[in-house]
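Quick notes on the structure that follows.
The values are calculated or read from the model by the stated rules, or taken from the named source; none is laboratory data. All values reported here derive from a predicted model rather than from experimental measurement. Cβ placement follows ideal geometry from the backbone for every residue including glycine, while neighbour counts extend to all protein chains displayed. These accessible areas exclude ligands, DNA and RNA; they are computed on the full protein's heavy atoms, side chains included. Shrake-Rupley method; radii C 1.70, N 1.55, O 1.52, S 1.80 Å.
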Amino acid sequence: MSHITVHVENRNEEHTLEEFFAMTSEGSLPQAMVVRTSRSSFLRTMSILAHRYLCFHGTGDDACMSCRSWSDLFHPDLLIAGTQDTAPGIEECRHLAAGLSLAPFCAPRRLGVVLCADILSLPAANSLLKMVEEPPPSAHLLLFIEADRLLPTLRSRVWQLSISSEEPSPIQAPPEGKAEWIRRISEKRGTNAEDVTEELRQWCSYLIRNGHGLKAQRLETLRNFSEKNRLAVSMLQDLAYLALEEEYPVECLFDDFW
Ligand SMILES: [Zn+2]
């Protein structure tokens, strides 16, 4: 499973979403993703995303069985918890999880949507953890937030798509060339693994933004593996170097461990 942070600068919403779908077209759509936008845009954005997620051809607007099943904001494989102004309670979250474990009725997947996930109660947020960690095979989950506030354990496991008018913070590029790698690696020696994984997260966003999806995936696999297995800083750095500079498929190294 891969979790990637995608920050897309605000231009207009549809353009941003097109960019997102273009970035994900090579791989699969993220199974769990946070969508950050204003509350007033929740339903509109959800509708655009859901049409595409649920379409058999990914267009969201054709004559496939799934596209023909829409009626206003209702679709048999779309489950919505919460409203534009209120977060769902724990029961509603559990209900959503149960619904998502069913096989799709008329779409390639089932899509769960949690609105106002930034104001979820702690028990409600916790009840979503398992689904985010190990989503049922055909389930996808979108968490809509306005404020940049989400349970850290949830956040670390999901992609993020930002459609906000705020200036995105500058994103650090990964090093390029041996000399630069050596310099950056020695700077981080002696720091803790969290520092390094945070750096990897930034590189990932940079790579995604610049069209290097495969490298980003690789790095995310590495970051996830490291978080689960507490790799030493030096090993994490060496593997990051292999993944990016040598383009070595580091994910193959982990196959036996997952
Ligand atoms: Zn369709």
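Report relative contact order for the chain in percent, whole number only (criteria: Cα-Cα under 8 Å, sequence separation at least 6).
With pairs under 8 Å counted, the relative contact order is 24 percent.
Around residue 212, which amide H atoms from residues at least 5 apart in sequence, or from another chain, sit under 5 Å from its own amide H, with H modelled in the peptide plane?
Residues meeting the amide H criterion: none.
Considering the dipole of the chain built from charges on the beta carbon (Lys and Arg +1, Asp and Glu -1) around the Cα centre, which of 84, 50, 99 is farthest to its positive end?
Positive-most Cα among the choices belongs to 99.
For segment 178-254, with all protein chains present and a 1.4 Å probe, just round the carbon and sulfur fraction of the accessible area to a whole percent.
Carbon and sulfur together cover 51 percent of it.
So if I place +1 on the C-beta of Lys and Arg and -1 on the C-beta of Asp and Glu, and nothing else carries charge, what would the dipole magnitude of segment 5-162 be about its Cα centre? I want it in debye, nearest 20.
Computed about the Cα centre, the dipole is about 320 debye.
For segment 21-171, report the accessible area per residue in Å² (1.4 Å probe, heavy atoms, rounded to an integer).
Here the residues of segment 21-171 average 45 Å² of exposed surface.
Roughly speaking, what % of Cα-Cα pairs in segment 5-162 are separated by over 21 Å, rounded to a whole number?
Across segment 5-162, Cα pairs with separations above 21 Å total 40 percent.
Roughly to the nearest percent, how much of the accessible area of segment 5-162 is carbon and sulfur, given a 1.4 Å probe?
Ligands and nucleic acids excluded, carbon and sulfur reach 54 percent.
Decide, for segment 178-254, between rounded, prolate and oblate: order the square roots of the alpha carbon gyration tensor eigenvalues as a ≥ b ≥ c, take rounded if a/c falls under 1.5, and otherwise choose prolate if a/b is larger than b/c, else oblate.
Note, shape of segment 178-254 comes out rounded.
Could you report the accessible area of residue 185 in Å², rounded to 10, computed with a 1.4 Å probe on the protein chains as they sit in the structure?
In the full protein context, residue 185 sits at about 30 Å².
Please calculate how many Å² of accessible area segment 178-254 carries per residue, with a 1.4 Å probe and no DNA, RNA or ligand atoms counted.
Heavy-atom SASA per residue in segment 178-254 reads 51 Å².
Would you count, across the chain, every pair of lysines whose alpha carbons are under 27 angstrom apart, provided the pair is eight or more residues apart or spans two chains?
6
Can you run phi through the Karplus equation (6.51, -1.76, 1.60; θ = phi - 60°) for segment 227-238 and list ³J(HN,Hα) in whole Hz, with x for Gly and Pro?
Once rounded to whole Hz, the list reads 5, 6, 10, 6, 5, 5, 3, 5, 5, 4, 5, 4.
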